[in-house]
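Structure, as structure tokens:
The values are calculated or read from the model by the stated rules, or taken from the named source; none is laboratory data. All figures in this text were calculated on a predicted structure; none of them were measured in a lab. Counting neighbours? That spans all protein chains shown, and the Cβs are built from the backbone with ideal geometry, glycine included.
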Amino acid sequence: MNHIDTQIINRDAVFCSNVVKAFGRGETRTQALNGVNFSARLGEMTFVIGPSGCGKTTLLSIITGVLAADLGHVEVLGTSLAELKGTMLPRFRGENIGLVLQQFNLLPALNLVENVAIPLILQGVREREANERSIRLLEELGLAHHLPKHPYELSVGQQQRVAVARALIHEPRLIVCDEPTAALDAETGLKVMHLLRETVLSPERAIIVVTHDDRIEPFADRIAYMIDGRIEQVVGCDQYERVL
Amino acid sequence: MRSLALKILFGDRAKLFGLIAGVAFATVLITQQGGLFVGLMTRVQNVIADAGDVDIWVMDPSTEQVNLAKPMRYAQLLKVRGVPGVASAAPLFKANLPVRGQGGKARTAMLLGVDNTTYTGITKRFLIGSPVNLRQPDAIAIDRVGFMRLWPGEPVKPGKILELNDRRAKIVAITDAAAAFSAQVILHTPYNRASKYVPHGRNRLSFVLVKVPTGIDPKIVAAEIEQRTGLKAELSQSFSEATVRYYLKNTGITINFATTIILGIVVGMAIVGLTFSLFVNDNLKHYAVLKALGATNFRLAKLVAYQIAVVTFIGFAIGTGVAAAFFELVSSPTSALRGFFIPWWMPLITLAVMSLSIILSTSIALRRVLVVEAATVFRV
């Protein structure tokens with residue numbers, strides 16, 4: 001932590017104010033978020049922790065712009081998501097946000113290089129260049145021997161590394177991880193978290209991790225505890241040095 | 001993005017095969033049945049096509065098509081010859097009758113009796129001999145395929161004897177006359193002799209074939225003939241079209257072929273629609289991932305459209321190839337289906353019909369791609 005410029009740390013990558021989201025109507029109506037106030041800072045790894053159904057994934061969906069809030073204000077990297085109309089929102093997400101998902105969601109028809117190159121191709125980068133950058137990144141992440149393989153030929157830990165590479169390839173300033181260790185055993189989960197902490201996190205980048213897994217809490221700079229659609233408590237942590 | 005679309009498409013070989021098979025199946029049916037239909041419609045006007053340079057066909061006013069002519073009195077020919085603007089007018093006798101080859105088989109024949117001296121209306125395609133050979137006693141010309149049907153396996157050459165209504169006819173020439181709609185054998189002989197082979201009936205003149213001098217509008221001459229003789233006079237082209245229209249309107253050919261073609265489209269599109277729906281269902285989470293990673297709906301629509309286009313193109317190419325191979329195999333000059341072919345515009349029509357059908361049948365699946373929520377990537 002001490003290597004990070006304190007001025008950068010204080011900048012909010014994500015700022016949510018009084019965010020409300022409900023699903024369904026009438027008797028089936030479910031209040032997923034009930035006035036959430038949340039922030040995540042550049043240079044920090046912020047965890048969102050809470051029981052199942054508390055609204056963690058809904059909050060993540062709203063931060064990434066794949067769901068729209070019913071009420072409230074959501075600002076990501078200084079941009080109000082409500083102001084992004086039409087194709088601006090997916091473009092903004094494609095350029096500024098990297099996703100690491102619980103089930104990795106790699107495309108089985110594509111090999112590792114092609115999977116990782118997708119965000120670049122969606123931004124209009126030529127396929128050849130995108131693949132070259134993808135290869136370089138996969139080599140950096142220790143997957144050099146697996147480049148031509150397809151996801152189903154890898155272990156789950158390796159698949160999650162590929163997913164991390166896909167989240168990083170376009171150098172986004174916000175990485176959002178949804179239960180990144182849920183499908184992994186303890187040892188592999190810790191390795192992935194080390195990867196995120198050591199390689200992915202930087203002063204110009206924020207990471208938000210939604211998790212149930214209390215084994216990885218020591219990796220957090222801050223933890224937001226969520227219950228019944230609200231952030232109940234935010235605590236700062238200084239435990240990372242202990243897991244190293 | 002195209003490469004991505006192709007890899008996703010080719011990643012599921014079983015469904016890709018199903019999609020291509022569906023398109024190919026429909027394409028084969030449309031093209032093959034369409035080709036057969038066009039071939040049949042060509043056959044119904046074979047006499048007109050073989051007559052070549054005849055400008056005007058004159059007939060009884062009640063005659064609607066070339067294969068069903070009400071005979072006229074021979075004197076009508078003389079009246080037509082007297083109309084200003086007529087360069088030449090020749091008689092044509094046309095009748096269907098049973099024929100038996102001596103030492104061979106019995107078949108149905110179309111007998112065409114042409115002008116004794118000018119041979120107007122006779123086919124131009126003589127393989128062995130020429131119209132002049134018909135001057136010999138009992139001489140008759142037969143088409144090659146007709147000969148092969150009467151004497152299967154025997155070499156095609158003049159000299160054989162035919163029986164027409166118990167009368168003798170000697171083959172002196174072999175033609176490559178255009179195939180007829182119903183008759184299996186096509187015979188040409190001079191007008192006077194032809195009428196002897198079909199002795200019943202007082203009137204024998206089926207048509208008067210008129211040629212018009214160069215520079216004179218045949219339409220004007222046709223109108224003049226109608227006015228002066230009370231007969232019906234049609235230009236060759238319009239008589240061909242009238243014949244085709246007659247068959248389209250008065251036979252079950254159209255409905256039969258249309259039913260087969262529509263069934264082909266429906267079955268083919270059902271296969272394509274269902275398979276593509278399964279393909280999209282299986283890939284829906286991947287489309288959602290692409291959306292979550294920043295793909296716009298427009299880009300996704302382009303990706304899916306590209307996949308559909310590739311499947312359409314491959315299936316269409318295979319289907320057209322199979323249909324072409326069918327006609328190549330069955331429509332040789334000596335086969336029963338000779339003359340059947342795929343007109344150049346048939347594949348274009350097929351492609352248009354297929355594209356439209358595929359767009360309709362895959363639009364529901366495409367809609368699902370467009371409405372899938374990127375948020376589903378966060379759900380397990």
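Residues are listed down the side, and each one gets a yes or a no for (1) within 14 Å of chain B (Cβ to nearest Cβ); (2) part of a helix (DSSP H, G or I); (3) aliphatic (A, V, I, L, M):
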site: A:Glu132; (1), (2), (3): no, yes, no
site: A:Leu137; (1), (2), (3): no, yes, yes
site: A:Gly142; (1), (2), (3): no, no, no
site: A:Gln158; (1), (2), (3): no, yes, no
site: A:Glu171; (1), (2), (3): yes, no, no
site: A:Pro180; (1), (2), (3): yes, no, no
- Is segment A:10-21 home to any residue that is of a type in the set (S, T, N, Q), farther than 23 Å from A:Glu204 by Cα, over 14 Å from the mean Cα position of the chain (by Cα) and within 14 Å of chain B (Cβ to nearest Cβ)? no
- Examine segment A:41-48 for a residue that is in a strand (DSSP E or B), more than 17 Å from the chain's Cα centre (by Cα) and either within 22 Å of A:Gln233 (Cβ to Cβ) or modelled with pLDDT of 90 or more (or both), and state whether such a residue exists. no
- Query: Just to be sure, is B:Pro158 in the same structural domain as B:Arg204 (by TED's automatic domain parsing) and either surrounded by fewer than 22 Cβ atoms within 10 Å (Cβ to Cβ) or on the phi > 0 side of the Ramachandran plot (or both)?
  - Reply: yes
- Message: Take the conditions surrounded by 14 or more Cβ atoms within 10 Å (Cβ to Cβ) and touching a Phe, Trp or Tyr at 6+ places or on another chain (Cβ under 7 Å) and apply them to B:Thr175. Does it pass?
- Response: yes
- Task: Go through B:Leu351, B:Leu360, B:Leu337, B:Leu366 for me and flag whichever is more than 14 Å from chain A (Cβ to nearest Cβ), hydrophobic (A, V, I, L, M, F, W, C) and over 34 Å from the mean Cα position of the chain (by Cα).
- Result: B:Leu366
- Query: Within the set of pairs 6+ apart or on separate chains, which have a first residue in segment B:290-311 that is at the interface with another protein chain (Cβ under 10 Å from one of its Cβ atoms), a second that is surrounded by fewer than 18 Cβ atoms within 10 Å (Cβ to Cβ) and of a type in the set (Gly, Ala, Ser), and C-beta atoms under 9 Å apart?
  - Reply: B:Thr296/A:Gly86
- Task: Return yes when A:Leu122 is closer than 20 Å to B:Lys291 by Cβ, touching a helix residue (DSSP H, G or I) at 6+ places or on another chain (Cβ under 8 Å) and at the interface with chain B (Cβ under 9 Å from one of its Cβ atoms) and no when it is not.
- Result: yes
- Task: Scan segment B:52-74 for residues that are aliphatic (A, V, I, L, M) and either surrounded by fewer than 21 Cβ atoms within 10 Å (Cβ to Cβ) or outside the structural domain of B:Pro131 (by TED's automatic domain parsing) (or both) and jot them down.
- Result: B:Leu68
- Message: of a type in the set (Phe, Trp, Tyr), under 30 Å from B:Thr362 (Cα atoms) and within 14 Å of another protein chain (Cβ to nearest Cβ): is that true of B:Phe10 in this structure?
- Response: yes
- Message: Residue under question is B:Val145, and the condition is that it be out of contact with any Phe, Trp or Tyr (no Cβ under 8 Å at 6 or more places or on another chain) and surrounded by 17 or more Cβ atoms within 10 Å (Cβ to Cβ); does it hold?
- Response: yes
- Which residue out of A:Gly94, A:Gly72, A:Gly55 is more than 22 Å from A:Ala165 (Cβ to Cβ) and at pLDDT below 90? A:Gly55
- Query: How many residues are assigned to a loop (DSSP other than H, G, I, E, B), facing chain B (nearest Cβ under 8 Å) and either surrounded by 22 or more Cβ atoms within 10 Å (Cβ to Cβ) or not β-branched (Val, Ile, Thr) (or both) when one looks only at segment A:68-110?
  - Reply: 8
- Pick from A:Asp238, A:Asp228: which is surrounded by fewer than 18 Cβ atoms within 10 Å (Cβ to Cβ) and either modelled with pLDDT under 80 or small (Gly, Ala, Ser) (or both)? A:Asp238
- Over segment B:31-69, the set of residues under 24 Å from B:Arg125 (Cα atoms), part of a loop (DSSP other than H, G, I, E, B) and not β-branched (Val, Ile, Thr) is B:Gln45, B:Gly52, B:Asp53, B:Asp55, B:Asn67
- Message: For segment B:105-128, which positions are at pLDDT 90 or above and either on the phi > 0 side of the Ramachandran plot or assigned to a helix (DSSP H, G or I) (or both)?
- Response: B:Tyr119
- Query: Would it be correct to say that A:Ser52 is assigned to a loop (DSSP other than H, G, I, E, B) and among the hydroxyl-bearing types (Ser, Thr, Tyr)?
  - Reply: yes
